[in-house]
Amino acid sequence: MAEINTILAGHDLTEHGSRALERAGLLAKNLNARLVAVHVIKETPLWWFIKGENLDPDEVRHNLRFEAIAAIETDADKLTNKPDQPIEAATTSGLSPYKALIREAKAKRADMIVLGAHSGRHLADYLVGTTAERVASRSELPVLVNKAAISGPYQRVFVAIDFSNTSLDALKLAKQVAPNAEFTLMHAHETWFETTIGQSGASISAYEQLKEEEQQRLEQKLYKFAQQAELSEDQFRVEVVLGYPGTAVLERINATNPDLVACGNDGLGGVEHLLLGSVAQTILIHAPADVLIAQREQR
């Protein structure tokens, strides 16, 4: 897992962007990382159609850039936990904010993207996703989405594990972001043997024995994951839950009340990673805590 040396924080000049910058600033300080705060100026083709004496797109872009830089610098000055390195304020432009952010992250050689999550979802968001969801699904970088108020470093981390390489990356990434936190490693599964037992006419005791053996096997795999992420023995606990993964994960998140939830994005893949994996998307939309998503690597 690569070290986080440069963080890009997307700032949309709202309170959500301000809070994302605050979280990114705290992470940059703790990781001794460089922090670049970027605002995307969303262009519209209409600018060029109605260009004239009263509207010069270049002047509009210049004015918007000036205002955005000033707003970011004002927020940066207000930070309680400032990074050791000066925060870089920047803007970029484009018709699509999420594409512009991903492009800028690559140009700045960022190792992580931090974004704010809006509290409300509009109809278009349900159809194509919010900016945060689009960045999380299409970026090759880890994405941290700030959803909760910030009270300091992360203390309680919940990691959804499906035993893929990506979920191991998510665990290692969470360890970087929250090295001193308490971790809950959780795996949700549906048994493969219920139908077989029912059809074979085997006893209930045979079913219970198989279930117990499966429980122990999966718990051992979680312990192995914890060792690979170099978690100390007193730093984590494991949970294996029987049930549909998306529903079971959310139930345990709500029960354990973490301040950070980490998971891997093993979505449909393809050239643009068009969709988040179903569990990752469920967590990103519904979890009340911040969400950290590790991306699938080409292995």
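Residue 156's amide H: which non-local residues (gap 5+, or another chain) put their own amide H closer than 5 Å, with H modeled 1.01 Å from N in plane and none for Pro or chain starts?
Correct list: 182, 259, 260.
Enumerate the calculated ³J(HN,Hα) couplings along region 138-150 in order (Karplus 6.51 cos²θ - 1.76 cosθ + 1.60, θ = phi - 60°), each rounded to whole Hz, writing x wherever the residue is Gly or Pro.
10, 6, 8, 9, x, 10, 10, 10, 7, 10, 10, 4, 9
Name the long-range amide H neighbours of residue 91: under 5 Å, sequence gap of 5 or more, or other chain; modelled H, no Pro or chain starts.
39
Listed here are the pairs 29/221; 29/147; 175/221; 99/175; 42/175; which of them are more than 26 Å apart at the Cα?
29/221; 99/175; 42/175
Each residue of region 82-98 in order: what ³J(HN,Hα) in whole Hz does its phi give by Karplus 6.51 cos²θ - 1.76 cosθ + 1.60, θ = phi - 60°, with x for Gly and Pro?
Each residue of region 82-98 in turn: 7, x, 5, 8, x, 6, 8, 9, 8, 10, 9, 9, x, 6, 10, x, 5 Hz.
Here, each number is a calculation from the coordinates, and none is a lab measurement. Values in this document were obtained by computation on a predicted structure and should not be read as measured data.
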